[in-house]
Every structure is written in C-alpha cells, then in structure tokens.
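The values are calculated or read from the model by the stated rules, or taken from the named source; none is laboratory data. Note that this is a predicted model, so its numbers are computed, not measured. When we count neighbours, we look across all protein chains shown, and the Cβ atoms used for this are built from the backbone with ideal geometry, even at glycine.
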Amino acid sequence: MLKIENLHVTVGESEIIKGLSLEVPAGEVHAVMGPNGSGKSTLAYAVAGRSGYEVTKGDITLNSKALNEMSPDERAAAGLFLSFQSPMEIPGVAVMNFIRTALNAQRKQRGEKEISAAEFLRFARAKAKVVGLSDTKLKRPFNVGFSGGEKKRMEMLQMAIMAPAFAIMDETDSGLDIDALKMVGDVVNDLRAPENGGASRGFLVITHYQRLLDHIKPDRIHVLADGRIVKSGGPELAAELETHGYDQFAGEAA
C-alpha cells in the first residue's frame, strides 16, 4: 500500500523529516502521534506533493507506484487523499460544483466514466446526511462562512464521496466536539468495511490525542519526534502516551 523509505524533507532551509521509514499495508489504519514541531504535517504534505516541501532523499510509493515525481493531481488520481488540518475557503465556487469537478477529474485520469449532475446530487446528499451537513450548506461557496467544525465535516464529505485508496488525515480531530468525532469515525469505519472495499484501502491518521482513536481503531501507532519515528506499537501505545506524554522520547529523537 503506502511505503515510505528513508524520507528526508526540507522546508525552506530546514530539514524537518530526517530519514523516516514507514509502511501501511492495505486494509490497515496507522496513526502517527507526536508533539508540536515533530514533523507530522510536513510528512502529510510531502506525501501529498505540496509545493515548498522538498523531498531531498528517499522514496514514496502507493501500490508500488512511485509518487515522488507525480504532481498533486496525479497523486490524487492514483488514489491519495489528504484531509487538511486547516481547510481553505474558495469564494465564488459552489460546494457541489467543486466536489463534482474534482471527482470527475480523477475519474477522467483513471479512464472512468464521469458522473452526471443528477446522479452526483443524489449521491452527495446522502453522504451529506452522514456527516451532518444540510442542503443549505451544499449550496454555499466552498467553506465560506463555515465554522471550523463545519469545514472538517466538509473534509469528511469529500473523503466519503471520493472513497480514496489511501487517506491521510492531518489532525482532523482538531477543534471537534464529541458528536463530530463520532461522525469522523463513522465515515472512516464505513470506508473500512469489507463490503465497501476496505481490504484494499489504507489510512494514516495524524493526531495529538487518543480521543479520535477511540472512534477509529488503529492497527499500529507510530511516535514521531524530531522528524523520525522513534517508537511503534499497537493501539495500547496511545494510552501510554496519554499517561506519560512525549518527553520520554526526547532523548531518542536527539
């Protein structure tokens, strides 16, 4: 599925990711946890191909396809999805037009038939109910005037509609209340279900806290500190981090 080998990433003049290796097999959810400034978002952006995040060494592959030289849209067409920590607003672009255009662009690159406006409308409305977005919100400009929680619900709507092969969730739980956390878990668990192709889909969940992982049960947890993975373990590692914090790994990261 997703394989990262000896990754080094520079932002500006600073090396942020310093020899990181990670593999997420198909059908699994892995969580990356770590303190502020450890490189979690940099890792997400580098995998997604965001401008300004320069991979100076190492390889990133998705289903054995090399991502390093792909543009962000090519990575998306290959099945990669990134849920942003701080989703942007796009004035003048309607929610439904934006998502349908993105979906059809991916379908076209994969040689698939485009979805009609009527079919998309029915599909999107059904998914919107799951994430708790009203029809009124779907008619507005993309994320304009939305609260932080509503923007995260919009991210989950896009993920539910796109049904990506591999999703990276960059601190999706930031600013969410209890009901919204459950909604995020519902979307992920639906995509993980065997009848929805979950056996061939993977997730990388980036978070500070265990609370999201109560709704999304990870197969593995990795601790990121100073641009390196310093410890990996099972789901019980999240509880250990809640109790003892990240300072215990400061020496290992140095």
> Which one of Glu150, Glu119, Glu155 is in a helix (DSSP H, G or I), without any contact (Cβ under 8 Å) to a residue 24 or more places away in the chain, out of contact with any His (no Cβ under 8 Å at 6 or more places or on another chain) and surrounded by 15 or more Cβ atoms within 10 Å (Cβ to Cβ)?
Replying inline: Glu150
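A quick yes/no check of all residues on (1) in contact with a helix residue (DSSP H, G or I) (Cβ under 8 Å, 6 or more places away or on another chain); (2) of a type outside the set (D, E, K, R):
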site: Glu195; (1), (2): no, no
site: Gly202; (1), (2): no, yes
site: Ile221; (1), (2): yes, yes
site: Glu240; (1), (2): no, no
>> For the range 1-16, which positions are part of a strand (DSSP E or B) and under 18 Å from the mean Cα position of the chain (by Cα)?
In response: Leu2, Lys3, Ile4
> For the range 204-254, what are the residues that are of a type in the set (Phe, Trp, Tyr) and in a helix (DSSP H, G or I)?
Replying inline: Phe249
> Applying the selection to the range 172-183, what residues are surrounded by 17 or more Cβ atoms within 10 Å (Cβ to Cβ) and either of a type in the set (Asp, Glu) or more than 17 Å from the chain's Cα centre (by Cα) (or both)?
Replying inline: Asp173
>> Quick check on Met1: is it surrounded by fewer than 23 Cβ atoms within 10 Å (Cβ to Cβ), closer than 22 Å to Gly234 by Cβ and not polar (S, T, N, Q)?
In response: yes
>> Against the condition hydrophobic (A, V, I, L, M, F, W, C) and either surrounded by fewer than 17 Cβ atoms within 10 Å (Cβ to Cβ) or under 30 Å from Thr243 (Cα atoms) (or both), how does Leu43 come out, does it pass?
In response: yes
> Are there any pairs, at least 6 apart or on different chains, whose C-beta atoms fall under 7 Å, with the first in the range 94-111 and in contact (Cβ under 8 Å) with a residue 60 or more places away in the chain and the second part of a helix (DSSP H, G or I) and among the hydrophobic types (A, V, I, L, M, F, W, C), and if so, which?
Replying inline: Ile99/Ala124; Ile99/Ile161
> Is there a residue in the range 182-202 that is touching an Asp or Glu at 6+ places or on another chain (Cβ under 8 Å) and farther than 27 Å from Lys137 by Cα?
Replying inline: yes
>> Can you pull out every residue in the range 171-203 that is farther than 13 Å from Glu28 by Cα and either among the polar types (S, T, N, Q) or not in a helix (DSSP H, G or I) (or both)?
In response: Glu171, Thr172, Asp173, Ser174, Gly175, Leu176, Asp177, Asn196
>> Given the criteria closer than 30 Å to Gly111 by Cα, buried (at least 18 other Cβ atoms within 10 Å of the Cβ), in contact with a Leu (Cβ under 9 Å, 6 or more places away or on another chain) and modelled with pLDDT under 95, does Ala48 qualify?
In response: no
> Any residue in the range 126-147 that is basic (Lys, Arg), exposed (fewer than 15 other Cβ atoms within 10 Å of the Cβ) and part of a helix (DSSP H, G or I)?
Replying inline: yes
>> Considering only residues that are among the acidic types (Asp, Glu) and either in contact with a helix residue (DSSP H, G or I) (Cβ under 6 Å, 6 or more places away or on another chain) or modelled with pLDDT under 85 (or both), which ones fall in the range 223-238?
In response: Asp226
>> Looking at (1) at pLDDT 95 or above; (2) surrounded by 15 or more Cβ atoms within 10 Å (Cβ to Cβ); (3) hydrophobic (A, V, I, L, M, F, W, C), which one does Ala77 not meet, given that it meets all the others?
In response: (1)
> Within the range 193-205, can you find the residues that are surrounded by 19 or more Cβ atoms within 10 Å (Cβ to Cβ) and under 17 Å from Gln158 (Cβ atoms)?
Replying inline: Arg201, Phe203, Leu204, Val205
>> Exactly one condition in (1) in contact (Cβ under 8 Å) with a residue 40 or more places away in the chain; (2) farther than 25 Å from Glu242 by Cα; (3) surrounded by fewer than 20 Cβ atoms within 10 Å (Cβ to Cβ); (4) of a type outside the set (A, V, I, L, M, F, W, C) is false for Asp186; which is it?
In response: (2)
